[in-house]
1. For the list (1) outside any helix (DSSP H, G or I); (2) modelled with pLDDT of 60 or more, I need the number of the one condition that ARG63 fails.
2. Which residue is modelled with the lowest pLDDT, if the candidates are limited to segment 28-44 and must be surrounded by fewer than 12 Cβ atoms within 10 Å (Cβ to Cβ) and in a helix (DSSP H, G or I)?
3. Contact list please: Cβ distance under 9 Å, first residue in segment 44-63 and in contact (Cβ under 8 Å) with a residue 40 or more places away in the chain and within 18 Å of GLY27 (Cα to Cα), second residue of a type outside the set (S, T, N, Q) and outside any helix (DSSP H, G or I), pairs at least six apart or on different chains.
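The values are calculated or read from the model by the stated rules, or taken from the named source; none is laboratory data. Just so you know, these numbers come straight off a predicted model, no measurement behind them. In this analysis, Cβ positions are derived from the backbone assuming ideal geometry, glycine residues included, and neighbour counts consider all displayed protein chains.
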Amino acid sequence: MRVDAVRGDRGPRGTGTGVTSRLPVAGALRAVETYLLRGGGQQTARRNAWNAVREDRRRARDRWEAQVFLDSAVRPTAGPDRT
């Protein structure tokens, strides 16, 4: 990736629309990471590790939601004959 694309300099026609204005934050960070870590192996390892962390967090959230649901289903609610 070119350095001017990472910085968001004007395109060849001078339109003023830099590359970073169209990239989401994650894409911009990935572009900087690519520029700084020229070796693809370390970049791939970091991306895989971050994806594993995100997946673990998603599974933990799913387990928590299931536990809350089961706890609410087991607890008896106060009815007309219960106080």
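1. So ARG63 meets the others, but not (1).
2. GLY40
3. Between residues of segment 44-63 that are in contact (Cβ under 8 Å) with a residue 40 or more places away in the chain and within 18 Å of GLY27 (Cα to Cα) and residues that are of a type outside the set (S, T, N, Q) and outside any helix (DSSP H, G or I), there is no close pair.
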